[in-house]
């Protein structure tokens, strides 16, 4: 008998993202960016807003914390003397516990459609960026947020200056690299004269 479907909570979504990533996510920033791109795949907002390190959601942060308190994820902290490109003096790793895996199994059974989209989003990112490098993920999320808020499209050369208005520092070479990443994720159309535009 199939389990009755109910809407996914943000905590549910975080658990499914972690499972799709291999039952472990290294870095709070990586978790935030995987949640951002998964939200796009679900066509739903997880509360992400412009933040210094790219799109950030307090709902996602709270959901991760709640999952840890509930014993569904284990949080491990590693001191980093020189954590390049990251906001933390520590590196946080989140790993599903047996209880978390049991909940994931129930969620996959009851919400198979949403699971498919989350899995596909995370796997698409990992296919393009196997190491889930947080600096590149952050640049990609920043670039996409700028493009998504420009319905008429935006010239690639204008993205660094638009990023400055949000307090972000995106170099032209970073933009070029992340545009290619977003194209391979099928999130944006091939740039034309007016620059890249968001896929509908």
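The values are calculated or read from the model by the stated rules, or taken from the named source; none is laboratory data. All values derive from a computational prediction rather than experimental measurement. Note: ideal-geometry Cβ built from the backbone for every residue, glycine included; neighbour counts use all protein chains shown.
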Look at the stretch 77-101 and say how many of its residues are surrounded by 12 or more Cβ atoms within 10 Å (Cβ to Cβ) and either at pLDDT 95 or above or in a loop (DSSP other than H, G, I, E, B) (or both). 14
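Residue-wise test of (1) closer than 22 Å to residue 141 by Cβ; (2) over 13 Å from the mean Cα position of the chain (by Cα).
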| residue | (1), (2) |
| --- | --- |
| 25 | yes, no |
| 52 | yes, yes |
| 56 | yes, no |
| 63 | yes, yes |
| 72 | no, yes |
| 75 | no, yes |
Go through (1) within 23 Å of residue 97 (Cβ to Cβ); (2) touching a residue at least 60 places away in the same chain (Cβ under 8 Å); (3) surrounded by fewer than 24 Cβ atoms within 10 Å (Cβ to Cβ); (4) touching a helix residue (DSSP H, G or I) at 6+ places or on another chain (Cβ under 6 Å) and name the single condition residue 15 misses. (3)
Quick check, is residue 136 surrounded by fewer than 21 Cβ atoms within 10 Å (Cβ to Cβ) and farther than 15 Å from residue 37 by Cα? no
By residue number, the members of the stretch 99-115 that are without any contact (Cβ under 8 Å) to a residue 40 or more places away in the chain and either touching a helix residue (DSSP H, G or I) at 6+ places or on another chain (Cβ under 8 Å) or within 24 Å of residue 74 (Cα to Cα) (or both) are 99, 102, 105
From 63, 21, residue being modelled with pLDDT of 95 or more and within 20 Å of residue 186 (Cα to Cα): 21
Kindly indicate whether any position in the stretch 86-97 is more than 30 Å from residue 8 (Cβ to Cβ) and either touching a strand residue (DSSP E or B) at 6+ places or on another chain (Cβ under 9 Å) or without any contact (Cβ under 8 Å) to a residue 24 or more places away in the chain (or both). yes
